[in-house]
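Down below is the structure, laid out as structure tokens.
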Amino acid sequence: MQAVVAHLLSLGGVHRLDRFRIDAYPDELFGVSTGGVTAPEHLSLNPSVEKHAVRYEATPPYEFRHAMAALPIDHSRYTFIDYGSGKGRVLLLAAEFPFAAIRGVEASHTLHEIAVANIARIPPNRMARSDVAAVEANAAQYRPERAPLVAFMFNPFDEVVLAPALDRIADAAARSAEPSYLVYKNPQHSEMVDSRLEFTLRSAFFAESLLVYGVRAS
Ligand SMILES: C[S@@+](CC[C@H](N)C(=O)[O-])C[C@H]1O[C@@H](n2cnc3c(N)ncnc32)[C@H](O)[C@@H]1O
């Protein structure tokens, strides 16, 4: 073990070591499976959804936790939504924060079923709150139940799906007196978000690979 630690330290110091250790969670800790990379054509998606989808790949826990902890919010007042929630890794990580509710929207039936099973494996005492649910739906049609929101996207789809999803996030945000947020990882279509008056870039992390937008409140 000491040799492994020494090797990791030689690669990048304590920061790299912390990242290695933290990234192992939650799969190794709870025996769930959220990793891997799967191309859209192997996700059993409806063809009309598949042509706008991006491959499945899970967010590194270190990046997610960093972004959530940096939000200037009382998490307990916010509903968290992962758009394209896959196997549910981000939902499990979001459950470490005391969000009022956590939702994952996923169009792939196969991945949705894995997310439901993964959520069920997390002991309640490891969740800050217990209202965590995966929803099988097309993100283009999903209407958030409540606001304010923290909406999360790891480059899940192209602009054809992003546009109506942004419309519905903005509509929901306008129903609250508190600002909502969009956290956009690998923001391949950030120019579409930038062009919307309701969305304002607030911060950028990890060499601008993760952007945080404020969404105008009522
Ligand atoms: C890059 S993965 C992100 C997984 C997870 N959010 C994370 O960060 O660990 C993108 C996911 O978006 C899903 N997806 C693609 N198009 C979608 C749509 N129109 N509605 C819902 N989910 C979609 C894919 O099936 C895939 O699971």
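The values are calculated or read from the model by the stated rules, or taken from the named source; none is laboratory data. Only a predicted model underlies this, so the values are computations on that prediction, with no experimental measurement involved. Quick reminder, even Gly has a Cβ in these numbers, built from the backbone with ideal geometry, and neighbours come from all protein chains shown. Note: accessible area is taken over every heavy atom of the protein model, side chains too, but ligands, DNA and RNA are not part of it. Shrake-Rupley method; radii C 1.70, N 1.55, O 1.52, S 1.80 Å.
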Query raised in the report: Can you give the accessible area per residue of the chain, in Å², using a 1.4 Å probe?
Result: 47
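Using the crude model of +1 on Lys and Arg Cβ and -1 on Asp and Glu Cβ, and no other charge, please compute the dipole size for the chain relative to its Cα centre, in debye to 20.
I would put it at about 480 debye.
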**Report entry** Cβ-based net charge around Tyr56, under 13 Å, with every Lys or Arg adding one and every Asp or Glu removing one
**Finding:** -2
Query raised in the report: What's the center-to-center distance, using Cα atoms, between the range 95-117 and the range 149-186 in Å?
Result: 16
Query - Rounded to whole Hz, the Karplus (6.51, -1.76, 1.60) HN-Hα couplings of the range 76-84, x for glycine and proline - result: 5, 8, 10, 9, 9, 10, 9, 8, x
Query raised in the report: At a probe size of 1.4 Å, how large is the accessible area of Ser130, to the nearest 10 Å²?
Result: 100
Query raised in the report: What 222 nm value per residue comes from the helices of the chain, counting each DSSP H run with n ≥ 4 as -39,500 (n - 2.57) and dividing by all residues, nearest 500 deg cm²/dmol?
Result: -10500 deg cm²/dmol
Requested in this report: Quick one: angle between helix 109-120 and the longest Cα principal axis of the chain, in degrees between 0 and 90, rounded to 10, please.
Outcome: 60
**Report entry** Efficiency of FRET between Arg121 and Ser209 - r from beta-carbon atoms, R0 41 angstrom, step 0.05
**Finding:** 0.90
Query - Full-stretch length increase - Thr38, Val54 - with 0.36 nm per residue and alpha-carbon distance subtracted - result: 4.8 nm
Query raised in the report: What list of ³J(HN,Hα) values in whole Hz, one per residue of the range 187-199 in order, does the Karplus curve 6.51 cos²θ - 1.76 cosθ + 1.60 (θ = phi - 60°) give from phi, with Gly and Pro shown as x?
Result: x, 5, 10, 5, 5, 5, 5, 4, 7, 8, 5, 6, 10
Query raised in the report: So for the pair Gln141, Glu159, with labels modelled 7 Å out along Cα→Cβ, what separation do we get in nm?
Result: 2.4
Requested in this report: Report the antiparallel proportion of the DSSP beta bridges in the range 2-215 as a percent, rounded to a multiple of 5.
Outcome: 40
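Over the range 2-215, what percent of the accessible surface lies on carbon and sulfur atoms, probe 1.4 Å? Don't skip to the end; give the middle numbers.
Values: 5120 of 9830 Å².
Accessible surface attributable to carbon and sulfur in the range 2-215 totals 52 percent.
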